[in-house]
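The values are calculated or read from the model by the stated rules, or taken from the named source; none is laboratory data. All values derive from a computational prediction rather than experimental measurement. No Cβ is skipped: glycine too gets one built from the backbone with ideal geometry, and neighbour counts run over all protein chains shown. Note: accessible area is taken over every heavy atom of the protein model, side chains too, but ligands, DNA and RNA are not part of it. Shrake-Rupley method; radii C 1.70, N 1.55, O 1.52, S 1.80 Å.
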Amino acid sequence: MRLRVAVFVLIVVLVSTVTEGRRLSSSKLERYVKLLCSYWYNWPWVLEAERSEPTERLPQIRALVGTCKVDVGTCPVGSCSTFRKFSEFCPDNGYTCAKTETRIRDCGEFGEIKYEYVKHCGCCEETDIVVTGVVKDQVTRKPVGRINLYFNRRNPTRTGKNGMFKSTIKSNVRRVVITTKGKNYLEAVKVVDIPEGFRGPVEVELFVVKKPKPVKIDSTVKTILSLSNNPLNPEAGHTTVVIQPDSFTDRQGKLYKGVVNARVTFIDTENIPDTEAPGIFQTPVGNSVEPLITDGVFSFNFESADGKDIKLSAPVQFTGREGMKVWKLNSLTGLWELVKPSQTRGKRQVSLDDILSIETDRWYNIDKIPGAPRCYFKGRIFDELSGVEITSSSTASFRPEITAYTSIGQRLRLYAGYSTEPSTTCYEVRCPIVSNPDDNLAGFINMSSTEVVSIGGINFPLITYLNPRELADYDAVDIQPKLSDVQYEIVPNNLDIFVNFVSDIAGPFYTDKTTCESSSVTQPAFHFFKPELPSYEPVPDDAEICTARIAFKDSFNFYNYLSDLSFLPNVTGISVWEQDGSKFYYTDVAQMKLSTAGNVKFVFICIKYRCSQDNELTTVYIDIDIPIVNITYNRTFPNGTVTTYTDQRPEFGCSGKNTGDFSVNAGGDIASIEGSFIAPENVGTGPDFYDTEVNDCIQEKDDSNFAFEFFCYSKYENQDT
């Protein structure tokens, strides 16, 4: 073994020596390292090397049903190397995954319950993260079909008629900006942050804003529009815009005179949650970002009297509350950027009353950066059952949600990242220096955890909101008085705490970040209790079951591959929902079937799921049984030695339209999720969704209408697996 290591190190030294004296690009160096670390690096004297197991399993107690609990186990979040040789030297290219087995627990009156037990943890190849979701109208809350979506300006996809979509992103992406484009709807821009090590799927609910009915204005006279839901009333909102006469041109650039149909889309951001507003209310300043206080988001669109698009070609002037400015949304980053004035006035700062050029069909914002210094707080996490502090976690990521308000009701959104080290992490907020306590910022803070649980052998994400500690239960000497000073109070939802944002060198809003991070458990902080993972009980007797018809159309050799199989692959669907405070699941396994509809070749399944009800949406997680084939090949070495190798590859793969391959976890016993969907509330009698379990789904001949449609391929002929 020492000889093998010495030879490997010698090769590395030789590569370094050869390249010394001439700059080697990072991409070339990366290729050299990959060559040395790859599976193809199989010289005879290192053939016995084994792939290392990165870590041992971690205990994780979970309730199977009722009070029946068991240690199901879990694996830490982290990266590792799948390279078989010298994994300590080779870069990480995989993630820690579970090797499981099915076990049975006698739960007394509940009977025998099957569960997946994590035996140990191995290293699996990295796979893309699946992003699924639904696009809805912000007003009607109904799904919107035929909306184009982009993920970080890539991976275009489109919603079906049920408003649902699916795509994939690389597993190393920590933030994805989803944008939309659709007829009669303005662009939606949603920023989704993803915890380190999270494997998904990521579920997104995206709201789009429909362009409002137009109001008529005269292009030949001065017009004042208010940024409100009543644009012809200058008193209706906080801000107005002045359009001078002869400010419109047609598509050819000629001056347009006459009636203008003006659409003023306005979103009162005080009355909608952050998840429904376009972008996030932050602006880049140097190497950091600053939060924004907003007076509303708006967009303009103008048409001629006969319905043709016309352009607002002349700058306009805004008036509004003191200190506010106009910002435009960068749909690539999801952040807001200051609009520069069309006419500069010396060196004075940009202000709201500057003359500005505005584009149509683009989001703008009346904002200001709060003139308040930074301050910091810590959210400590405790296990709800034992009371022991969770100083760090290998399986869960924690993140607070923070909302503050000024003394005149302006809302300030404050964003924080994920952390697996809550005992040393401090989050930045703003604490104004004021003489009158009534002028402080005041608002709400809650804390959530994101982790992965397994039901029926399928992993799926779980977001849990933590419970804050009652004021009377804090340390009465060192912490309780400090929390009383900031008016600490738990609101009726038992999740948020209400506080005044007042800085103090001794906390709980620390003036110095380092002091905050180094503070001990005996010093002021906000405490939250993490409940145990919930129990998912089997489907209740009164659950309504629906059916979805899903197509797997042939993109390359898939139909022929399946045609020769004795047994077609299975697809598992697990429905998960919450009802009357309890969590339930329902599992169905459907075998793929070959179509008999006309000349169109495709494969389909009829998967049963629990129907969504009012305020009780069902998420259905899909896992495709993809067999693994053994690929055998020979390798001839410089010394003439011929060695035979066997590698494992998936026999087929599936993808949505322009969405990339499904993830395949070939190395683990627990299957990866290939996709998920939110079950619609209203379904009918096919040919896509069926409102009953007993239906004609299998006999359906329609070859163009499905609940979901995927394209599958196979590169391999049938062989022993």
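For the reader, a short list of remarks on this structure follows.
- When each of K99/K583; K114/K593; K114/K583 is checked by Cα-Cα distance, pairs over 20 Å: K99/K583; K114/K593
- Neighbourhood net charge (13 Å Cβ-Cβ; Lys/Arg +1, Asp/Glu -1) for V176: +3
- Spin-label pair F567/K583, simplified geometry with 7 Å Cα→Cβ offset, distance in nm: 3.2
- Straight-distance candidates among the lysines for linking to K254, with alpha-carbon spacing under 25 Å and chain neighbours fewer than 8 residues away dropped: K216, K222, K308, K311.
- 18 Å Cα-Cα reach of K170 towards aspartates and glutamates, excluding residues that sit fewer than 8 places from it in its own chain: D92, E125, E126, D128, D193, E196, E203, D661, E674
- What the phi angles of the range 560-573 give under the Karplus curve with 6.51, -1.76 and 1.60, with θ = phi - 60°, is a coupling list of 5, 4, 5, 4, 8, 7, 6, 10, 6, x, 9, 10, 9, x Hz, glycine and proline written as x.
- Taking each residue as 0.36 nm, the span from N599 to I463 lengthens on full extension beyond its C-alpha to C-alpha distance by 44.4 nm.
- Sequence-distant residues sharing a close amide H with F711 (under 5 Å, placed H): K553, S655, G656
- T360 - accessible surface, heavy atoms, 1.4 Å probe, Å² rounded to 10: 50
- Separation in nanometres of the label points that stand 7 Å from Cα toward Cβ, at D625 and E196: 3.9
- Stretching D691 away from K114 to a fully extended chain increases their span by 204.8 nm, per 0.36 nm per residue minus the current alpha-carbon distance.
- 22 Å Cα-Cα reach of K513 towards lysines, excluding residues that sit fewer than 8 places from it in its own chain: K378, K482
- Expected-Rg normalisation [2.2 N^0.38 Å, Cα atoms] applied to the range 491-573: 2.35
- R0 of 56 Å, Cβ-Cβ distance D306-Y713: FRET efficiency to nearest 0.05: 0.70
- FRET efficiency for I355 and D218, using Cβ-Cβ distance with R0 set to 22 Å, rounded to 0.05: 0.55
- Which listed pairs, of K161/K325; K166/K601; K142/K701, have C-alpha distances above 32 Å, in listed order: K161/K325
- Of all accessible heavy-atom area on the range 514-557, the percent that carbon and sulfur account for (1.4 Å): 51
- Loop-located GluC sites (Glu not before Pro) in the range 535-631 whose Cβ has at most 15 other Cβ within 10 Å (DSSP): E544
- Förster radius 25 Å - calculated FRET efficiency between N287 and E421, Cβ distance, rounded to 0.05: 0.65
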